[in-house]
Amino acid sequence: MKNFLLTITTLSILFTASIVIGQNTRFSDPDTVIKNEFWGNLYANGGNSFFCDKAFTTKGFLMTDGYVYPLADIRSALDCGTSRQCEQDNRYRQIASDLHNMVPVRNRTEMKRRNVRYENLGETMKADECGIRESAGFFEPPERVKGDIARSVAYMVDTYGLPWLGATPVFQGWNRMDPPDDTELTRHRRIAEIQGNENPFVTHPERMEQL
């Protein structure tokens, strides 16, 4: 009986550890992470805007830190109250500090994404200069980052128990049509080094089919 209980306890500890390893447990101060790790480390030498692929050397006034899974939707899912109230919630602070969900975005592009759901809008909807289509609360990103978005959303759903921001088959389709490229893999490796955990849907994109 004692051996049985010891085995159960050991398995429980291992299971708990596996959950912890799969989450951001290193950071829980969003403002500090954005300043020091996102802009000060990950994009210290500039980069390219996520949606429009426009080069930048510094954050400046045109760029902002965007979230593939918007913070407003995280607050809604956690039901933690207003922005200020959620900032006192440790769970929210941990999720909002996750670098796997952060991307550099032009300010005007970020404004378009508020309170929208990801969807395929089709060729009948005209794309803007960045390849973005939007209509009536729906947002279709450029094809070159559809897979990146799918894998980021899947990570947030699977890791933190958040709801999908659109139909699951849409994200699965985007994952298949746009597999991880060198840019995404390089960024992923750097985040894993900084934050201490990986996005398994980037390293093993076939896992998307199991969701």
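Once Lys and Arg get +1 and Asp and Glu get -1 on their Cβ, which of F50, V116, Q195 lies farthest toward the positive end of the dipole of the stretch 2-210? So the residue furthest toward the plus end is Q195. Per-residue ellipticity at 222 nm from helix content only, as computed over the chain with -39500 (n - 2.57) for each DSSP H run of at least four residues, stands at -12000 deg cm²/dmol.
Here the simple spin-label model places points 7 Å from the Cα toward Cβ, and for T203 and R108 these points are separated by 4.0 nm.
For the chain, the number of Lys pairs with C-alpha atoms closer than 24 Å, counting only pairs eight or more positions apart or on separate chains, is 11. Only alpha carbons enter this Debye calculation for the chain, each as an equal point scatterer, and the log10 of I(q)/I(0) it gives at q = 0.07, 0.12 Å⁻¹ is -0.23, -0.64. Under 5 Å between amide hydrogens, built in the peptide plane, is the criterion, and for M63 it picks out N107 among residues at least 5 positions away or on other chains. Straightening the chain between D29 and L211 buys 62.5 nm, computed as 0.36 nm per residue apart minus the Cα-Cα spacing.
Which is the longest stretch in the chain that no exposed loop site breaks, taking sites as GluC sites (Glu not before Pro) with a DSSP loop state and at most 13 other Cβ atoms within 10 Å? Longest stretch, sites excluded: 1-122. Counting only other residues whose beta carbon sits under 15 Å from that of T82, what net charge do I get with K and R as +1, D and E as -1? With Lys, Arg at +1 and Asp, Glu at -1, the net is -1. Say R0 is 45 Å: what FRET efficiency, to the nearest 0.05, do N45 and A167 get from their beta-carbon distance? The calculated FRET efficiency here is 0.75. Peptides 22-33, 97-108 ranked from most to least packed give 97-108, 22-33, packing being the mean of other C-beta atoms within 10 angstrom over each peptide's residues. Label-to-label distance, N115 versus E143, with points set 7 angstrom from Cα along the beta-carbon direction: 3.2 nm. Under 37 °C and 0.692 mPa s, how fast does the stretch 17-102 diffuse according to Stokes-Einstein, given a Kirkwood radius computed over C-alpha pairs? Answer in µm²/s, whole number. Using the Kirkwood radius from Cα pairs, D works out to 234 µm²/s. The alpha carbon centroids of the stretch 161-196 and the stretch 139-153 are separated by 8 Å. Taking Cα atoms only, the orientation of helix 146-160 departs from the longest principal axis of the chain by about 30 degrees. For the stretch 123-167, the ratio of Cα radius of gyration to the globular rule of thumb 2.2 N^0.38 Å stands at 1.31.
Values in this text are rule-based calculations from the coordinates and carry no lab data. If you're wondering where the values come from, they're calculated on a predicted model, not measured in any experiment. All Cβ positions, glycine included, derive from the backbone under ideal geometry; neighbour counts span all protein chains shown.
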